[in-house]
Amino acid sequence: KLRSSYKKIKSLLKKIILCYTLYCVRCIMNIDDWKSQVKRGTLELCILSLLSKKDFYGYELIEVLGSWSIVSANENTMYPLLRRLTKEGYLESYWQENNDLPRRKYYHITDLGIRYLTEMTVLWKTLTKSVNDIQNYKEEF
């Protein structure tokens, strides 16, 4: 009888461990998905913000953004985004010779890009303030 109880407990523990493991994997996958969505939504804002300060070439933007892992981007993300922003009129590009180095394609924010960045920044500040307010919400009694 004791042996039977031991087997039941062991079986139950295995099921609990399996469920917990699946739960943890699911949480990790969900947080990675969420992080990806946050990154996708803010990368454009970050790129335009940097370009409002000075002109950058593509790989330089990748290096600078790499300082903040949450918005770091690789070439497969950066160059299509720069092409889209250029096509939409928010950026212009130009080639520049660099002594003995290969020429580089630099990006410059346009007036339309500055207006777009200004609108995005207002929305971003509103969003972050709202999220902070919600996280600090205390119901008045």
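Would you mind computing, in nm to one decimal, how far apart the modelled labels at Val38 and Ile114 are, each placed 7 Å from Cα along Cα→Cβ?
Taking the simple label geometry, Val38 and Ile114 are separated by 3.2 nm.
So the label point goes 7 Å from the Cα of Asn136 along Cα→C-beta, right? Which residues of segment 105-130 then have their backbone N under 15 Å from it?
126-130
Can you tell me what percent of all Cα-Cα pairs in segment 35-141 are more than 21 Å apart? Mind showing how you got there, number by number?
Values: 2402 of 5671 pairs.
Across segment 35-141, Cα pairs with separations above 21 Å total 42 percent.
Per residue, what accessible area does segment 51-96 have, given a 1.4 Å probe and all protein chains present, in Å²?
On the way: 2800 Å² over 46 residues.
With the other protein chains kept in place, segment 51-96 gives 61 Å² per residue.
First compute the accessible area of segment 45-131 with a 1.4 Å probe, then give the percent of it belonging to carbon and sulfur atoms.
55 percent
Could you compute how fast segment 61-120 diffuses translationally, taking Rh as the Kirkwood radius over C-alpha pairs and applying Stokes-Einstein at 4 °C with viscosity 1.567 mPa s? Give it in µm² per second.
Once the numbers are plugged in, D ends up at 100 µm²/s.
The values are calculated or read from the model by the stated rules, or taken from the named source; none is laboratory data. Here the structure is a predicted model, which is why all the values come from computation and not from measurement. Ideal geometry is used to build each Cβ from the backbone, glycine not excepted, and the neighbour counts take in all protein chains shown. What goes into the accessible areas is simple: the full protein's heavy atoms, side chains included, and nothing from ligands, DNA or RNA. Shrake-Rupley method; radii C 1.70, N 1.55, O 1.52, S 1.80 Å.
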